[in-house]
Amino acid sequence: MVFKQNRFLTLLLALGVIGAAWALSQRYKVETNNRAVEIAIDYAETVKLAGASGLTVEETLMRLKKAGASSLAVQETTVADLAASGSVQIGRPGQYDSQTVILGLSHKMIDALSSTGLDIEMINPGGASGTAAIVRTKAQPDYVLSLPVGLPEQAVSAASTVGMPVVARLISYPDQDKDDIERSAALLAQNGIRKVIFAGDEVLGFRGGIDEVAEVFKKHNIIYGSVEFARQKGDGRLSAKMLPNMIRVHSITAAEMGGLDQPTAVERFEKAAKERNIRLIYVRMFDFGDPDSLEKNADYITSIASNLESEGMGAKPARIFDDPSVPIPAVILMAVGAAGGAILLILSLVRLKASLVWFGFAFLAVIFASLAASGIPIGLKLVAFSTAIIFPSLAVLHAASNTPNTPDNKPIRSNLWNAIVRFTGVVIITGAGGLIVAGLLSKLEFMLRIDQFSGVKMAHLIPIVAAAFMLASGIGWGSGTWNEQKERVVSAAKRLAEQPVLFWQAALAFILIGMVGILLARSGNEPGVGVSGLELKIRAMLDTLLVVRPRTKEFLIGHPAMFLGITAALGGRRNLAAVLLVVGTIGEVSLLNTFCHIHTPIAISVLRSIIGAALGLAIGVILLIIFSRPAGDAGHKRASKDSGRKQVGVQK
């Protein structure tokens, strides 16, 4: 075994895992110290509930607050909203000296309009209450109609009355400058509003003002809520600029609500908070049509809050995450561990002189340490990607190395214990790589999914292709000199070229390529292939039965195939073992990829990996027993019959 033969390199790899544990302990503290999840409800929907229930808005808010709601999300009103409700009137150009005139604005609305940069002139200040002011502007009516005039005063007042903080849903508008943004932020601060989500398909400042928005918001200690899956233009850049004043938001859109039942929606919010570091959930109501609507929706919110509490998360105002601040020594240890893994991978294939081994290790260690310690995201991602390629490949070679090249004619179950031990080693090796990747990327921007692991599909594909090449060519079954391994590759290529391709071989190759294609299509941050109905049912069942649901491709396909491949290899059945080990590589790349999702809490990733490996091993053992028993039993019965015949012959 390469690990026993190269104990010092193995020790260096272990030091890399220790560095990862050091880094991940910092991240774990940050994740466990921030367990408050804010439940925000929509003001417009609250008004509808109040109308259906015959209560005031304040009474309705108080009931929902008791149910578990933490805050009230209020969207800015536009001039178009006011015009549609009849609150103001718009005079068209030509009626008033070719200028747009707005009648009926309050002074607060005028202040809000001014904060958009609109050049307005007061014609009539209105009465003492300021509710009948008249202003005019040279801007075109369509542009004026799109502008926000601030948050509805009655909404802010109602929230204040019941003691609920307001989450402002701001509307982006063109041509804003830093002074305009400063005035808008100051108005929010005056009302005690600290959290902002943007309505529409773009954030404020998208057209060239992101830096100014972030600077002003951070000056006023405003927290930006980035809505998951919303794909708002400018969201990524604003999120990066707003760090650390940024939280992740999950919302179910009004269109989606029509196709969901309450348990499904509750589970979706719970998983978002538990598994993806979501800290504000924007809850839309289910039913407005009858007098019991308020109680039904209050029960819905209570279910969400109760589920969060059961997972150790309180339904409370959201807080920003701290940065894990991984120590530089831990980063260097992880880089050294990754370099050690790379050299062990090479030595699993080719025997090298000691001087060449240590030169190669030193070279890789310096490169990896320099890239990782720089703290630059691209450097960290390069080392993480390399690690994601190295360790699953090393694990497959551990599974195959030093196994007999001819069948031993023993019952396949005779290798059960050795196969379990070797399978455990495979999972530990892959898991070590996963921990190093997770430790390297334990930075706030990765935890909040502003930045992500790069090369997910290639990190899936390369180890699988490498495993197929190494096993098919023969170099993966044990190390040799460079010339020996080269000869094995050449001989394997000649044999392949000379042999006809049988139908079953072509069919098997087609199936394997299809499996890899589906795996790649479903991998990455935006999978191109959806999940089948059967798999959704299996997932739902596992979510109910287990603390954390493992990945289907790991425990149903990859891990069982890896275990069976190891068993076949230990029995000298290399052709069968090669196919199973290549399929089993799917489980290893998936296991490592679990740790590439830095926005998932590290405790969840570790549990998911352990449960997936344990279930996969159990399934593999069961399959081994089922499919090996008939042959063994039949052989035993035949031996008994032959023995009986011989005894009869002797008696005669």
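The values are calculated or read from the model by the stated rules, or taken from the named source; none is laboratory data. Please read these numbers as outputs of a predicted model, since none were measured by experiment. Virtual Cβ from ideal backbone geometry, glycine too; neighbours counted across all protein chains shown. Side chains included, ligands, DNA and RNA excluded: accessible areas come from the protein's heavy atoms. Shrake-Rupley method; radii C 1.70, N 1.55, O 1.52, S 1.80 Å.
Would you check if there is a residue in region 294-307 being within 23 Å of Phe446 (Cβ to Cβ), crowded, with 16+ Cβ neighbours inside 10 Å and of a type outside the set (D, E, K, R)? Scanning region 294-307 turns up no residue that is within 23 Å of Phe446 (Cβ to Cβ), crowded, with 16+ Cβ neighbours inside 10 Å and of a type outside the set (D, E, K, R).
For region 373-389, the set of residues classified as over 22 Å from the mean Cα position of the chain (by Cα) and assigned to a helix (DSSP H, G or I) consists of Ala373 only. Scanning region 200-215 for residues that are in contact with a Ser or Thr (Cβ under 8 Å, 6 or more places away or on another chain) and not acidic (Asp, Glu) yields Gly200, Val203, Leu204, Gly205, Phe206.
Asp292 fulfils the conditions (1) more than 22 Å from Val249 (Cα to Cα); (2) under 21 Å from the mean Cα position of the chain (by Cα) except for a single criterion, (2). For region 429-474, a residue qualifies if it is charged (D, E, K, R) and either open to solvent by less than 10 Å² (accessible area, probe 1.4 Å) or farther than 17 Å from Gly379 by Cα (or both), and the qualifying residues are Arg449, Lys457. Within this structure, Arg7 fails the test of being among the charged types (D, E, K, R), closer than 18 Å to Pro317 by Cβ and open to solvent by 40 Å² or more (accessible area, probe 1.4 Å). On the stretch given as region 154-181, residues that are at pLDDT 90 or above, surrounded by fewer than 22 Cβ atoms within 10 Å (Cβ to Cβ), more than 31 Å from the chain's Cα centre (by Cα) and not in a loop (DSSP other than H, G, I, E, B) total 7. When the residues of region 57-72 are filtered to those that are in contact (Cβ under 8 Å) with a residue 60 or more places away in the chain and farther than 20 Å from Gly314 by Cα, the one that is most open to solvent (accessible area, probe 1.4 Å) is Glu58. Looking across region 281-293 at every residue that is closer than 18 Å to Val57 by Cβ and touching an Asp or Glu at 6+ places or on another chain (Cβ under 9 Å), the one that is surrounded by the fewest Cβ atoms within 10 Å (Cβ to Cβ) is identified as Phe288. Within region 287-298, residues that are outside any helix (DSSP H, G or I) have Cβ atoms under 9 Å from residues that are among the polar types (S, T, N, Q) in these pairs: Asp287/Ser293; Asp287/Asn297; Phe288/Asn297; Pro291/Ser53; Asp292/Ser53, counting only partners at least 6 apart in sequence or on another chain. Of the helices (runs of 4 or more DSSP H) entirely within region 491-585, those holding at least 2 residues that are modelled with pLDDT of 80 or more and touching a Ser or Thr at 6+ places or on another chain (Cβ under 9 Å) occupy 559-570. Identify all residues within region 193-233 that are more than 21 Å from Leu72 (Cα to Cα) and buried (at least 22 other Cβ atoms within 10 Å of the Cβ); write none if there are none. Residues satisfying the conditions are Gly205, Gly209, Val213, Ala214, Val216. The single residue among Glu270, Glu275 that is touching a Leu at 6+ places or on another chain (Cβ under 7 Å) and open to solvent by less than 40 Å² (accessible area, probe 1.4 Å) turns out to be Glu270.
Filtered by the rule that a residue be over 26 Å from Glu309 (Cβ atoms) and of a type in the set (A, V, I, L, M), region 38-73 gives Ala44, Val47, Ala50, Ala52, Leu55, Val57. Among the residues of region 10-22, those identified as buried (at least 19 other Cβ atoms within 10 Å of the Cβ) and of a type in the set (A, V, I, L, M) are Leu12, Leu13, Val17, Ala20.
Residues are listed down the side, and each one gets a yes or a no for (1) farther than 22 Å from Ala21 by Cβ; (2) charged (D, E, K, R); (3) open to solvent by 10 Å² or more (accessible area, probe 1.4 Å); (4) within 22 Å of the chain's Cα centre (by Cα):
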site	(1), (2), (3), (4)
Ile566	yes, no, no, no
Val583	yes, no, yes, no
Leu591	no, no, no, yes
His599	no, no, yes, yes
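Just one of the numbered conditions (1) surrounded by fewer than 18 Cβ atoms within 10 Å (Cβ to Cβ); (2) in contact (Cβ under 8 Å) with a residue 24 or more places away in the chain; (3) assigned to a helix (DSSP H, G or I) is not true of Pro404: (3).
Of all the residues in region 413-428, those that are open to solvent by 30 Å² or more (accessible area, probe 1.4 Å) and of a type outside the set (Lys, Arg) number 8.
Within region 353-367, the set of residues being farther than 17 Å from Ser393 by Cβ and surrounded by fewer than 18 Cβ atoms within 10 Å (Cβ to Cβ) comprises Lys353, Ala354, Ser355, Leu356, Trp358, Phe359, Ala362, Phe363, Val366, Ile367.
Of the helices (runs of 4 or more DSSP H) that lie entirely inside region 18-115, those containing 1 or more residues that are β-branched (Val, Ile, Thr), within 30 Å of Asp177 (Cα to Cα) and at pLDDT below 95 span 79-85, 107-115.
Does region 392-401 contain any residue that is assigned to a loop (DSSP other than H, G, I, E, B) and out of contact with any helix residue (DSSP H, G or I) (no Cβ under 6 Å at 6 or more places or on another chain)? Yes, because at least one residue in region 392-401 is assigned to a loop (DSSP other than H, G, I, E, B) and out of contact with any helix residue (DSSP H, G or I) (no Cβ under 6 Å at 6 or more places or on another chain).
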